[in-house]
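Have a look at the structure below, then the notes.
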């Protein structure tokens with residue numbers, strides 16, 4: 001082992017620890033990796049900056065922009081409308097059509113965008129389909145992931161593997177090169193989720209958001225006395241009543257909501273507070289309880305407000321403490337409850353650090369919904385579905401079709417085709433520059449900027465070859481075919497611990513070197529990395545679509561392992577059997 005190899009392995013090991021533990025954000029870790037490679041002298045500055053100019057980085061950023069253009073114009077919205085109409089005729093056929101549409105669409109459009117579109121559709125259709133939402137959302141997420149491995153553009157990990165493989169001297173992946181194995185995986189995956197979705201827990205919940213978030217015990221109305229300490233105060237300035245911390249939701253006067261103005265004696269305040277705190281407030285003679293009520297969305301939406309459920313997904317509030325996020329100042333919104341990791345929080349919300357997948361129950365004026373979207377919060381509830389640039393939908397669809405055909409017939413490389421596609425989206429008004437910048441997940445861009453140079457360092461220093469030799473030695477002389485299953489399993493395990501983009505960038509050079517050490521064509525091993533980095537079903541953090549459905553489906557962490565674990569094993573078997581057949585392990 002040379003000193004450079006030792007340095008690269010040490011940096012890799014430290015990066016793995018930081019990626020898994022998330023002691024610091026993964027994009028910051030990636031910057032640290034690039035800086036360490038430069039300071040240690042392992043790589044020169046141009047090689048350190050190669051991640052930013054890598055075709056995969058450009059193509060992924062542009063693909064997110066193309067998906068945003070389709071989303072903004074509602075180009076895929078007619079599909080969901082057709083499924084809703086079909087549900088009136090046949091529930092089973094409507095559900096099957098939904099899964100098929102999601103699977104096929106995810107092969108050409110970023111599957112996160114597809115899942116974002118269909119979450120509110122399935123939540124709305126669940127009663128009509130006679131199904132619990134918890135038995136619809138996870139199957140939908142899983143088939144979107146499988147659809148993404150059918151083409152080069154289906155998921156960002158395919159683009160990363162293609163670009164890194166090209167850096168290693170292999171031919172880039174072609175548009176439909178993965179389709180033979182991807183189609184088999186889609187057939188297996190669709191059959192599995194269709195027949196086995198009954199294994200998922202039935203969590204139907206209430207018909208409205210206030211019921212699903214169990215708000216009733218935490219909402220109370222009190223009548224204000226003449227000597228009350230809040231008289232003369234505006235409700236947005238009230239943080240305590242009788243010394244108790246509260247959130248004031250509405251000011252009611254003569255049974256009607258009052259917008260603006262100060263509190264008067266005889267007014268009614270609607271509060272969100274812990275039941276024990278309410279008892280302390282009512283011990284004050286200046287406040288009297290109103291008759292208890294069974295709260296519904298309609299009652300809580302007094303004063304031209306709406307209740308919405310919003311998911312943290314790539315928003316600028318991710319990673320911030322709730323006490324530092326001024327929801328009322330930014331969006332005119334009152335935060336009522338937070339659903340995270342299968343649990344509900346109604347009080348003591350300020351110390352919570354917001355994370356991807358957290359669901360927020362918010363009350364705000366409907367005209368402020370656009371602000372939520374601009375901040376990157378994904379609004380789940382039907383009332384929050386945005387307006388579309390419908391006149392531009394056919395144009396956006398044609399642009400996306402042109403990008404797919406240009407890549408399929410190798411007219412342009414993926415980075416070039418997607419860049420031209422984004423430019424056309426901007427010029428035709430399908431997408432605004434501001435929306436484009438919000439659509440790009442800059443943390444992923446920075447992640448690739450740091451991790452891709454690590455792959456370059458592993459190849460240039462011989463660290464990848466050293467690790468590959470150690471891996472093969474540990475495998476005990478397994479036949480080359482078994483290497484496909486081994487590399488798939490290793491990649492899949494790593495994907496469930498760190499970002500799938502990072503797993504793909506780190507393990508592709510290892511797969512290439514493993515093939516060269518054994519003396520076989522490295523391409524099937526590279527394909528094992530591509531499939532292993534995407535087919536992540538066992539945790540809610542292994543793939544972004546799984547994170548998006550976590551809150552709306554009221555799932556728990558173990559639900560993914562119980563339902564997704566067997567599917568992972570099935571997909572691994574398909575990959576191990578078919579990859580060597582489609583890409584023979586011929587001796588070099």
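Some points to look at:
- Using the Stokes-Einstein relation with a Kirkwood hydrodynamic radius computed over Cα pairs, the translational diffusion coefficient of the chain at 25 °C and a viscosity of 0.890 mPa s comes to 96 µm²/s.
- When every Cα-Cα distance of the stretch 1-80 is counted in 10 angstrom steps from zero, the calculated P(r) takes the values 15, 31, 27, 15, 9, 2 percent.
- Degrees, to the nearest 10: 463-474 long Cα axis against longest axis of the chain: 80 degrees
- Per-residue Cβ neighbour counts within 10 Å put 198, 253 in the sequence 198, 253, beginning with the fewest.
- Where Rh is the Kirkwood radius over Cα pairs, Rg/Rh for the stretch 101-184: 1.12
- Extension gain for the segment residue 264 to residue 330, taken as residue separation times 0.36 nm less the Cα-Cα distance, is 21.0 nm to one decimal.
- Using alpha-carbon coordinates, inclination of helix 77-87 to the longest axis of the chain, degrees: 70 degrees
- Difference of contour (0.36 nm per residue) and Cα-Cα distance, residue 391 to residue 28: 126.6 nm
- Each of 248, 42, 17 was scored by other Cβ atoms within 10 Å of its Cβ. Arranged with the fewest first, they read 17, 248, 42.
- Residues residue 16 and residue 227, FRET efficiency given R0 of 51 Å [Cβ-Cβ distance, rounded to 0.05]: 0.20
- Once both labels are positioned 7 Å from their Cα atoms along Cα-to-Cβ, the gap between residue 442 and residue 183 label points is 4.3 nm.
- A Cα-only calculation for the stretch 216-291 places Rg and Dmax at 10.9, 29 Å.
- Segments 327-338, 160-171 sorted - mean Cβ within 10 Å per residue, highest first: 160-171, 327-338
- In degrees, nearest ten, helix 500-518 long axis to first principal axis of the chain (Cα): 20 degrees
- Inter-probe distance in nm under a simple model that places probes 7 Å from Cα toward Cβ, at residue 556 and residue 370: 4.3 nm
- Given R0 = 60 Å, the distance between the Cβ atoms of residue 481 and residue 256 translates into a calculated FRET efficiency of 0.20.
- Point-to-point label distance, residue 316-residue 234, nm (Cα→Cβ direction, 7 Å offset): 2.3 nm
- Sequence of 555, 437 once ranked by neighbouring C-beta atoms within 10 Å, starting from the fewest: 437, 555
- Percent of C-alpha pairs per 5 Å bin in the stretch 37-148, short distances first: 2, 11, 18, 18, 13, 9, 6, 6, 5, 4, 3, 2, 1, 0.
- Helical mean residue ellipticity (222 nm; -39500 (n - 2.57) per DSSP H run of 4+; nearest 500) of the chain: -17500 deg cm²/dmol
- Net lengthening on full extension, residue 409/residue 44 (0.36 nm per residue, minus Cα-Cα): 127.8 nm
Bear in mind these aren't lab numbers, they're just calculated from the coordinates by the rules spelled out. Since we're looking at a predicted model, the values are computed, not measured. Backbone-built Cβ (ideal geometry, glycine too); neighbour counts: all protein chains shown.
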